[in-house]
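Heads up: the structure comes next, in structure tokens.
The values are calculated or read from the model by the stated rules, or taken from the named source; none is laboratory data. None of these values were measured; they are calculated from a predicted model. No Cβ is skipped: glycine too gets one built from the backbone with ideal geometry, and neighbour counts run over all protein chains shown. For accessibility, only protein heavy atoms count, side chains too; no ligands or nucleic acids. Shrake-Rupley method; radii C 1.70, N 1.55, O 1.52, S 1.80 Å.
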Amino acid sequence: MASVPTIPDSYNHVLAEFECLDPLLSALRLDSSRLKCTCIAASKRWLALGSSGGGLNLIQKDGWKQRLFLTHKEGAISRVACCLHDEDYVAVATSQGLVVVWELNQERRGRPERIYVSSEHKGRKVTALCWDTAALRVFVGDHVGKVSAIKINTSKQGKAAATFVMFPVQIITTVDSRVVQLDYLDGRLLISSLTRTYLCDTEREKFWKIGNKERDGEFGACFFPVGKNSVNQQPLIYCARPGSRMWEVNFDGEVQSTHQFKQLLSSPPLPVVTLRQDPHYTSSSCSPQSLSFPKLLYLSEHCVMTWTERGIYIFLPQSVQVLLWSEVKDIQDIAVYKSELFCLHTNGKVVHLSLLLVDRCIERLIRRGFWTLSARVCCLFENSIISCRARKNLPLDKLEHLKSQLDASSQQDLITQLEELISKLEPLDSACSSRRSSISSHESFSVLDSGIYRVISRRGSQSDEDSCSLHSQTFSEDERLREFPAHQEDEQVELDNVSHASVTVEADRNETFLPFSIPLSFRSPSPLVSLQAVKESVSSFVRKTTEKIGTLHISPDTRGRQEAKDDEQLQELTVNLVASPQEEKELEPQSCQLPEEDHLRDLKAATAEAIAKLQDPLVLLEPQCMRRVLQEWLICLEEKFGSKEHSASSIKKSKTVCAEEERAVLEENLRLGPTDGDPGGEEQHSILEDCTEKENTDETCVSKTTCENSTDLKGPLDGCFQVSPPCVIEPDVQKDLVELTTLCFELHVFSCGNGEAEESSDGSLPLAASWTLACRFMRSYFFLLDLKRLKQCIITMYATSTNVWETYITGLKELTCHSPVALAIENEDVLKILKQLHDLGPWDDSPLLLAHVQRLYEKFGEIALRPLIKFHPSILPSDIKQLCRNDPAHFLAYLDSLVKSKPEDKRSSLVRSLLQPESVRLDWLCLAVSHDAPQRANTVDAEGNPRPRSHLFTWGYSQLILLLIKLPADFTTKEKMADICKSHGFWPGYLFLCLELDRRIEAFINIARLDDLTLLHGEDGSMPETIEEWKFLLHLAQNHSTASHHHGPQNGNAVSNGSPSCPDCITVENVALLLAKAIGPNRALPLLQECGLTLELSDRFTRVCEILKIAEKRQRALIQSMLERCDRFLWSQQA
């Protein structure tokens, strides 16, 4: 390989892509030809992606999870802007010109709501959105030059103010041409149009034109805030000018100077560091570039960024320098936050780039183990690395380690170049290097005449960024350490009235299971987490040492009273029917009681180790590796929270009970499971035999929740539940335990008493055994399971198992057995109980509400379901479907009541939100067409074709069926729905789907068989669109036998066919009249003659055609008269 050309040392910054967002776009389905990303915005927390389908995806940058999806019926999303000073607000512009402001309600964990919809720009194209930097105000600009301001009133200011005060839209100004860009800073609004730039003082309502020379085209402008250390300086303004120029303008709108970058852009482009391709650099200069900068964006502290169709350009405008430019093609828009760039390409692809120093880039690549790319970047930026600035982050030992990681057989040329680079570096112990390295690479310096180094601090600059942080790359270490606890608080779990389980946890480690938790490539854990763990470890050590010393120095009397107090507290906290090992130990005489956290020390260490392993991308992306990690951790969990027998007799008794329980459960599953030709039956019998052998040899597993006095355990629902922790667990420790235990359940990592974890997903266990293990796992560790995630997992993975769902419900009942609602259900009526449930709210999606609903349904049946619609969305249709799995008609009644409880214009959006996952649409449709429906023999004949007028039958759930089939869906789903409607004889839905699937000929054939002309010209009818379709319909009417109208079941107002008293039947004359009305009698007669159908027409057709001709003639005369009057009026106005 030839020697790699090196980049001059004047270039020490680079654009790098460390995270590929393609999996994120694929999960959001924004990578298809039908749906694509149309606009982009970024803030500290959010990445906002607008789509052509009217949806706005809000992605949380920490973890790249989709947190919110906001829908808009007003058209595609054309612009989006995030409020930087309050990230709870987002402004959206649609293709119809409406501007919608959303309040996300993230702090209160509520639902996002529209707090303002502006129609000021309706019918126009919104070209720019900009938020006020201090107040809740949005500035909007459109393609005709109109600029308005929307002042937002928020619910944070009080409910009354938010409800009754709605500020009107303020018109700022109307400029001479399309608004290209808006920017706002310190009370000043900057408006850049196609011809010039305007500065507006929004407080004093004053306007200035910047400069005297106009321009023609898209040119941007932006504010340039002063640095943190510049107290008395005012912000600057930079305006793009033709020919790669910029105006530097003061805050009063006066042009100070013109900066020319044309010649500076003759340098070759710097490569973008990415894993997609190797970086290449050509040292030959290119011709000067005369460019038009369509937008200017402030980037970091000293930079201004722009782009063209050729690449990205970053300038240092104050010193008139080009920091870098790189070739990136086909950019549609760019959103920036500090030094992060999110590039939206014309094909809808999104690329995440970071601007950072070369040495920081290489260091980050080395940390991620990208050795080849790190070495290539080192060789390219050899001159920058040799400089003293890069020596601290890239010392000799790190470069030597990089060289040792390269393959000597295939990368010899790269190793040689790296050795040459290492040989050019000065030893770190030399006087020059020692003096230079004493100055932090976080600072720049200059040498004065006296020899003193003048250090210029650049706090918050790029070199201070944390190399693995996904947040800001320009924060200093101190700033990010101060920010870290706040970030942890954002992800704290809100506990329900039960202390042991979380129902709203949002963890980063469930990436494999949540639909929009995308494992991005080349991710490594942040060192901040490790630093925080060290801090907590030191604090814990100090606390434990203090407690131990205090315990050793107390008197025996005091110690006895303290132990008695501890025993009393633990007895209050432990509500299990089984005595835990900790309680038995407390009953023994002890001279010194160890703290509880010492008892859980091994479990905490194993938990921390498991979490650290799961953060490794190689483990996170491989389910089998995750299962092995969880299996190792589960052994330690069993040692701490599994039951321990204290005598040989109790051990033998527990083994026997466990064996009998396992055998009984497997026998029950064998009876319930398929018996004919089921290959899993032999496996189940073999497992049953294994259980018998284990029973005989006393090697069976020991049940962890079996009561010692139980003798008649029969199934998975009869065991006792561990619904509360057997000892006091710290909240942070419990949060990690809940996460890992729930992950075990989701990955089918269950356990037996011998400490070996088993999994069933790889086929080693049949379904029946997997269900049994899942039930036992829930009983043993119910207090460590996230109840909300557990419910979702059961609904999706154990939909066919009634035992697993019943076990889950039994655990919830155990938790709520002492609730006043549970006691009231035995004595009160339904209305009083529902009122009591409502008063105990809000439930906030708490699964505990399910236990009360189950009790209500068991006692009162269907009558208790319909009033539950007011508890939506705490109770979802998927929950009711599980409750009513033995009687689907009850579920349909609830679903129909829920849909009808909403206004008609909101029913479609409600049903669409309920279809999670999408596959339930077909299940619900099959249920709806099978219940409260006419007999199939009355709607479908022996050949599967529709009977005449059978579409007029009444269907009990017709509204629900039509909502399901009219919602957007893919082609395959539409075809399946059409087949379902046809097989059950729901012809209105079938005809609608035929038209949507472009099967118009099939639709016309069935309309002729249904013999109803209103299906063609009615409100929801479909008229033929071409002459060929009219001809086909006329031949259908001709071939339609007159006798067919006298046979078969009739419905509605069906009468005999062919007579004038049947105006809505499919006859040649009726279709011919419809043709004459559609295309006019003059064109209809030749077409009828061509088809040879004029002989079948009566005098009535001739009379109607004459009337149509007269009406058409009079209509033309009326239009002509109106046009003449308008013409005369306009001429009179000009005179």
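Kindly indicate whether Leu834 is of a type in the set (A, V, I, L, M), assigned to a helix (DSSP H, G or I) and buried (at least 21 other Cβ atoms within 10 Å of the Cβ). No, not satisfied. Could you say whether any residue in the range 1090-1097 is within 16 Å of Glu1029 (Cα to Cα), at pLDDT 80 or above and buried (at least 19 other Cβ atoms within 10 Å of the Cβ)? No: zero hits. Counting only strands (runs of 3 or more DSSP E) wholly contained in the range 1-120, the ones carrying 1 or more residues that are hydroxyl-bearing (Ser, Thr, Tyr) occupy 37-42, 46-51, 65-71, 77-82, 89-94, 113-118.
Tell me which residues, restricted to the range 937-994, are closer than 23 Å to Leu35 by Cα and among the β-branched types (Val, Ile, Thr). Listed by number, the residues that qualify are Ile965, Thr972, Thr973. Tell me yes or no: at least one residue of the range 748-759 is modelled with pLDDT of 75 or more, part of a loop (DSSP other than H, G, I, E, B) and within 25 Å of Pro726 (Cα to Cα). Looking through the range 748-759, at least one residue is modelled with pLDDT of 75 or more, part of a loop (DSSP other than H, G, I, E, B) and within 25 Å of Pro726 (Cα to Cα). Here Thr195 fulfils each of the conditions (1) open to solvent by 30 Å² or more (accessible area, probe 1.4 Å); (2) assigned to a loop (DSSP other than H, G, I, E, B); (3) modelled with pLDDT of 90 or more apart from (1).
Restricting Glu203, Glu218 to residues that are in a loop (DSSP other than H, G, I, E, B), open to solvent by 40 Å² or more (accessible area, probe 1.4 Å) and in contact (Cβ under 8 Å) with a residue 60 or more places away in the chain narrows the list to Glu218. Among the residues making up the range 610-623, a single one is open to solvent by 40 Å² or more (accessible area, probe 1.4 Å), without any contact (Cβ under 8 Å) to a residue 12 or more places away in the chain and part of a helix (DSSP H, G or I): Leu618. One residue stands out among those in the range 811-854 that are on the phi < 0 side of the Ramachandran plot and of a type in the set (Asp, Glu): the one that is modelled with the highest pLDDT, which is Glu814.
The criterion of being assigned to a helix (DSSP H, G or I) and open to solvent by less than 50 Å² (accessible area, probe 1.4 Å) does not hold for Thr796. Scanning the range 958-988 for residues that are of a type outside the set (A, V, I, L, M, F, W, C) and more than 32 Å from the chain's Cα centre (by Cα) yields Ser958, Asp979, Lys982, Ser983, His984, Gly985, Pro988.
Of everything listed in (1) in contact with a helix residue (DSSP H, G or I) (Cβ under 7 Å, 6 or more places away or on another chain); (2) aliphatic (A, V, I, L, M); (3) without any contact (Cβ under 8 Å) to a residue 60 or more places away in the chain, the single unmet condition for Leu35 is (1). Screening the range 955-1005 for helices (runs of 4 or more DSSP H) wholly inside it with 1 or more residues that are touching a Gly at 6+ places or on another chain (Cβ under 6 Å) and surrounded by 17 or more Cβ atoms within 10 Å (Cβ to Cβ) returns the ranges 958-966, 971-984.
Given the structure, is Phe777 in contact (Cβ under 8 Å) with a residue 24 or more places away in the chain, surrounded by 19 or more Cβ atoms within 10 Å (Cβ to Cβ) and over 20 Å from Gln882 (Cβ atoms)? No. Looking at the range 19-58 only, could you name the residues that are under 19 Å from Gln277 (Cβ atoms) and either within 13 Å of the chain's Cα centre (by Cα) or open to solvent by 10 Å² or more (accessible area, probe 1.4 Å) (or both)? Once the filter is applied, which keeps residues that are under 19 Å from Gln277 (Cβ atoms) and either within 13 Å of the chain's Cα centre (by Cα) or open to solvent by 10 Å² or more (accessible area, probe 1.4 Å) (or both), the range 19-58 yields Cys20, Asp22, Pro23. Looking across the range 59-85, just one residue is of a type in the set (Asp, Glu) and buried (at least 18 other Cβ atoms within 10 Å of the Cβ), and that is Glu74.
Within the range 170-192, the only residue that satisfies the criterion of being part of a loop (DSSP other than H, G, I, E, B), within 18 Å of His143 (Cα to Cα) and in contact (Cβ under 8 Å) with a residue 40 or more places away in the chain is Arg178. On inspection, Arg1128 passes the criterion of being modelled with pLDDT of 80 or more and over 57 Å from the mean Cα position of the chain (by Cα). For the range 60-70, state whether one or more residues are touching a Cys at 6+ places or on another chain (Cβ under 8 Å) and small (Gly, Ala, Ser). No, the conditions are met nowhere in the range 60-70.
Just to be sure, is Pro294 under 38 Å from the mean Cα position of the chain (by Cα) and part of a loop (DSSP other than H, G, I, E, B)? When the stated conditions are applied, Pro294 passes them.
Okay, residues lined up against (1) under 23 Å from Lys44 (Cα atoms); (2) acidic (Asp, Glu); (3) open to solvent by 30 Å² or more (accessible area, probe 1.4 Å):
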site	(1), (2), (3)
Val255	no, no, yes
Gln277	no, no, yes
Thr282	no, no, yes
Leu316	no, no, yes
Leu324	no, no, no
Glu327	no, yes, yes
Leu357	yes, no, no
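Across the range 86-97, the number of residues qualifying as open to solvent by 20 Å² or more (accessible area, probe 1.4 Å) and of a type outside the set (S, T, N, Q) comes to 2.
Residues of the range 903-932 that are part of a loop (DSSP other than H, G, I, E, B) and within 19 Å of the chain's Cα centre (by Cα): Leu915, Gln916, Pro917, Glu918, Ser919.
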